[in-house]
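The values are calculated or read from the model by the stated rules, or taken from the named source; none is laboratory data. Not measured: the values here are computed from a predicted model. Here the Cβ positions follow ideal geometry from the backbone for every residue, glycine too, while neighbour counts run over all protein chains shown. With ligands, DNA and RNA removed, areas are computed over all heavy atoms of the protein, side chains included. Shrake-Rupley method; radii C 1.70, N 1.55, O 1.52, S 1.80 Å.
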Amino acid sequence: STVTITVTPDEGYEVDEVKVTDESGNEIKVTDKGNGKYTFTMPATDVDIKADFKETASDSEKEKTIITMQIGNTDVSVNEKTITNDVAPVIVNDRTLVPIRIVTETLGGKVDWNAETKEVTLNIDGKEIKMTIGVILEKYGVAPTIINDRTYVPIRFVAEELGAEVQWNEETKTVTITKL
């Protein structure tokens, strides 16, 4: 059966990791459902649940993450350091689409892909976002799409759903994503 646990950190702390192991020490997959709730499938044996916490940085200590991407260019600038991605942002039907995995992971999130259901799950800042390839995101009027084996979403989705600020430079065809 599925077990749900709620982890509540003391003030000034946040959950760093929740780990569940069975009697033999085998790790059991834990799913972060957001808002401090975690689920796992209970094995036939007893389990050990361990939650690690870390101090939350004050607003003045938090560092901004600035990602700059250019249409057609696989180089991605993250806080002025260049990394090369395997795919580049594109414009389709006057919409700027970005590869969601590199953006989400660069902002500290996690991306899971279910090939069977063609569903992408983003976990970032304790929030879980699910979307299905080809199913229009009503709020954005466009569906996530696969280009060169990578999932692309509209840049406005990144801004609104991942809590980042987005700027577009028409002249250089550059997208700048800023997240505190």
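Kindly provide the helix-only [θ] at 222 nm of the chain, computed as the sum of -39,500 (n - 2.57) over DSSP H runs of four or more divided by all residues, to the nearest 500 deg cm²/dmol?
-2000 deg cm²/dmol
Taking amide H atoms as placed 1.01 Å from N in the peptide plane, list the residues 5 or more away in sequence, or in a different chain, whose amide H sits under 5 Å from that of THR56.
TYR13, GLU14
Given the Cα-Cα distance of SER1 and THR176 and 0.36 nm per residue of separation, how much length would full extension add, in nm?
Additional length available on full extension: 58.6 nm.
Which value results for Rg/Rh of segment 9-88 when Rg is the Cα radius of gyration and Rh the Kirkwood radius based on the inverse mean 1/r?
On the Cα set of segment 9-88, Rg over Rh gives 1.17.
Got a sec? Charge dipole of the chain, +1 on Cβ for Lys and Arg, -1 for Asp and Glu; which of ILE124, ILE177, THR96 is way out at the positive end?
Ranked along the dipole, the leading option is THR96.
Going toward the positive end of the dipole of the chain, with +1 on Lys and Arg Cβ and -1 on Asp and Glu Cβ, which of VAL30, MET42, VAL153 do you reach last?
Looking along the dipole axis, the top candidate is VAL153.
Please calculate how many Å² of accessible area the chain carries per residue, with a 1.4 Å probe and no DNA, RNA or ligand atoms counted.
61
Among residues other than ILE102 whose Cβ falls under 13 Å from its Cβ, what is the net charge (Lys/Arg +1, Asp/Glu -1)?
0
Which of (i) 1.08; (ii) 1.04; (iii) 1.02 is the computed Rg/Rh (Cα atoms, Kirkwood Rh) for the structure on display?
(iii)
Using a simple charge model, +1 on the beta-carbon of Lys and Arg, -1 on the beta-carbon of Asp and Glu, nothing else, what dipole does the chain show about its Cα centre, in debye to the nearest 20?
Computed charge dipole of the chain: roughly 660 debye.
With a ≥ b ≥ c the root eigenvalues of the C-alpha gyration tensor of segment 56-157, is it rounded (a/c under 1.5), prolate (a/b larger than b/c) or oblate?
Judged from the Cα gyration tensor, segment 56-157 comes out oblate (a/c at least 1.5, b/c at or above a/b).
Taking the Cα centre as origin and putting +1 on Lys and Arg beta-carbons and -1 on Asp and Glu beta-carbons, what dipole magnitude results for segment 15-101, to the nearest 20 debye?
400
For segment 86-129 and segment 143-180, write down the distance between their C-alpha centroids in whole Å.
Taking the Cα centre of each part, segment 86-129 and segment 143-180 sit 9 Å apart.
Express the carbon and sulfur contribution to the solvent-accessible surface of the chain as a percent, rounded to the nearest whole number, probe 1.4 angstrom.
So the carbon and sulfur contribution to the accessible surface is 43 percent.
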